[in-house]
1. Mind scanning Lys162/Lys254; Lys38/Lys219; Lys42/Lys222; Lys219/Lys254; Lys76/Lys114; Lys48/Lys222 and naming the pairs with a C-alpha gap bigger than 31 Å?
2. Can you give the net charge of the other residues whose Cβ lies under 9 Å from the Cβ of Asp189, counting K and R as +1 and D and E as -1?
3. Over the range 1-110, give the accessible area per residue in Å² for a 1.4 Å probe, as an integer.
4. May I ask you to give the percent of accessible area on the chain that is carbon plus sulfur, with a probe radius of 1.4 Å?
5. In whole Å, largest first, what are the principal axis extents of the Cα atoms in the range 45-94?
6. Step through the residues of the range 187-199 one at a time and calculate ³J(HN,Hα) from phi using the Karplus curve (6.51 cos²θ - 1.76 cosθ + 1.60, θ = phi - 60°), rounding each to whole Hz and writing x for Gly and Pro.
7. Return the long-range amide H neighbours of Phe175 (sequence gap of 5 or more, or a different chain), with a cut-off of under 5 Å between placed amide H atoms.
8. Using only the Cα atoms of the range 137-227, construct the convex hull and provide its projected area averaged over every direction, in square nanometres to one decimal.
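The values are calculated or read from the model by the stated rules, or taken from the named source; none is laboratory data. On a predicted model such as this, the values are computed, not experimentally measured, just so you know. Reconstructed Cβ throughout: ideal geometry from the backbone, glycine too, with neighbour counts over all protein chains shown. Note: accessible area is taken over every heavy atom of the protein model, side chains too, but ligands, DNA and RNA are not part of it. Shrake-Rupley method; radii C 1.70, N 1.55, O 1.52, S 1.80 Å.
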Amino acid sequence: IIFTIPVVCNELRNVVCVGTDEAYISGQDNSIKRVDEKGSVKETVATKANWPDITLTEQGELLSSNTISGTVDIVKQGVIETYITPPQGWAAHTLCCTRSGDVLVNVRRGRKNKILRYRGPHISQEIDTDLNKKLIFGEGIFFLMITENSNGYVCVSDRNAKTVTVVDRTGRVRFRYDGTSAGIKKSFDPAGIVTDSLGHIIVSDFNNDCLHIIDQNGKFLKCVDNCGLHKPYGLSVDNEERLWVALAGEDAIKVIKYLK
């Protein structure tokens, strides 16, 4: 553990690093805050809905999901504008900006989830549960947490299926990870997911108060369970390859050095 950052946030969920010493955070509050390493608030952006998921574009622009309108919004000079409008009947919930500049959006209609890849305002790929119902992302109450690895594979944390699933550029499943190899005590409960420069996939396990680290081929590498992680949720890797972990159980962020 490098340090712990106490934050003022109602039911903290998400964290996105800004450089090496600041991060955007969000939770149940109707706002997104930028905080420094001491937890001091440097900026507050009022949102139209609570529980916004957040991500940064390659240009450093802040995107957030709007749980009321179902859109993806962008913050420009402190003002929120609509950036992406999903197809009619679908609402955006979680999102991720990729290294190529695309935006991955988990949209939901009723109890069905799927993932859309946007290139600008247009859909360039759809990972649809109807294409192969044996996969994943089926019917459920939880949203999918998503990220993209350095090899272009989409990594999905699915709390409904209690599985991490990785699909290639065509949407074909490469592998699934269910936490069994980590020897955890309670059922696997994957929440936040992020990748690093080595292609490692890091997943927070909400039930087991730990992190799972697997390689880009699905091989279990290690379990981080000795850092006092109380209900870990959102994850982000900063420019120094340090991992920022949003703790829903105590509204704090722990910064961890996990690579030697």
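1. Numbers: Lys162/Lys254 24 Å; Lys38/Lys219 36 Å; Lys42/Lys222 35 Å; Lys219/Lys254 25 Å; Lys76/Lys114 28 Å; Lys48/Lys222 39 Å.
Violating the 31 Å limit, Cα to Cα: Lys38/Lys219; Lys42/Lys222; Lys48/Lys222.
2. Counting the neighbours of Asp189, the net charge comes to +2.
3. Per-residue accessible area for the range 1-110 comes out at 44 Å².
4. Exposed carbon and sulfur together represent 46 percent of the surface.
5. Dimensions of the range 45-94 along the principal axes of its Cα atoms: 29, 21, 15 Å.
6. 5, 4, 10, x, 10, x, 9, 8, 10, 10, 5, 8, x
7. Val166
8. Orientation-averaged projected area of the Cα hull: 5.6 nm².
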